[in-house]
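**Student:** I have a structure I would like to understand better, so I am pasting it below and will then ask my questions one at a time.
The values are calculated or read from the model by the stated rules, or taken from the named source; none is laboratory data. Model, not experiment: these values are computed from the prediction. So basically every Cβ, Gly included, is an ideal-geometry build from the backbone, and we count neighbours across all protein chains shown.
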Amino acid sequence: MRTERTIRTCPVRMKFTCPRTWEGLQPTANPDVRHCAHCNEDVHFCRTDEETLRHARAGHCIAREEPHPDELPNLMLGRPEAPLVITPEQKKASARNVREMGITDALDNARFEGARDCPRCGYPVPSFRKTCYVCAFELGRG
Ligand SMILES: [Zn+2]
């Protein structure tokens, strides 16, 4: 599956100048750390949820791998001639992509007061959400 490494937890003020992908960052002596010249921050590449949570709790910028948009089923507008065929690979890429979006959402909302750690996956769930966006665990409102 073709993937890309995207930057998460970048401060909102830099949204427009953020290079967005790992390739846009300057390499450092550590292959898992790159430097963002726009934010003047080190970005940590995380392979696991444990690494992600550890760096997020330390307030670090994070990059994670997610399926490249080319791997996802094409969005179609209007009524297609033939039914849209979604391959098993595209289904897998979509599911992984949804989870990555949930992780981005969890990390972005972790700063809100009352955020709780999900008992199932450990990612933070803001008090205004009843359900964990990463693993769909039902916590109820905080
Ligand atoms: Zn969860």
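**Student:** Do we have any residue at all in region 127-139 that's closer than 18 Å to Arg47 by Cβ, touching a strand residue (DSSP E or B) at 6+ places or on another chain (Cβ under 8 Å) and touching a residue at least 24 places away in the same chain (Cβ under 8 Å)?
**Tutor:** Scanning region 127-139, I find no residue that is closer than 18 Å to Arg47 by Cβ, touching a strand residue (DSSP E or B) at 6+ places or on another chain (Cβ under 8 Å) and touching a residue at least 24 places away in the same chain (Cβ under 8 Å), so the answer is no.
**Student:** Looking at (1) modelled with pLDDT of 95 or more; (2) within 16 Å of the ligand (Cβ to nearest atom); (3) over 18 Å from the mean Cα position of the chain (by Cα), can you tell me which one Asp49 breaks?
**Tutor:** Among (1) modelled with pLDDT of 95 or more; (2) within 16 Å of the ligand (Cβ to nearest atom); (3) over 18 Å from the mean Cα position of the chain (by Cα), the lone unmet condition for Asp49 is (3).
**Student:** Scan region 132-142 for residues that are loosely packed, with under 14 Cβ neighbours inside 10 Å and within 12 Å of the ligand (Cβ to nearest atom) and jot them down.
**Tutor:** Selection gives Ala136, Glu138.
**Student:** Output the residues belonging to region 65-97 that are under 16 Å from the mean Cα position of the chain (by Cα) and loosely packed, with under 12 Cβ neighbours inside 10 Å.
**Tutor:** Pro69, Ala95, listed by residue number.
**Student:** Out of the strands (runs of 3 or more DSSP E) lying entirely within region 30-142, which hold 3 or more residues that are in contact with a Leu (Cβ under 8 Å, 6 or more places away or on another chain)?
**Tutor:** 33-36
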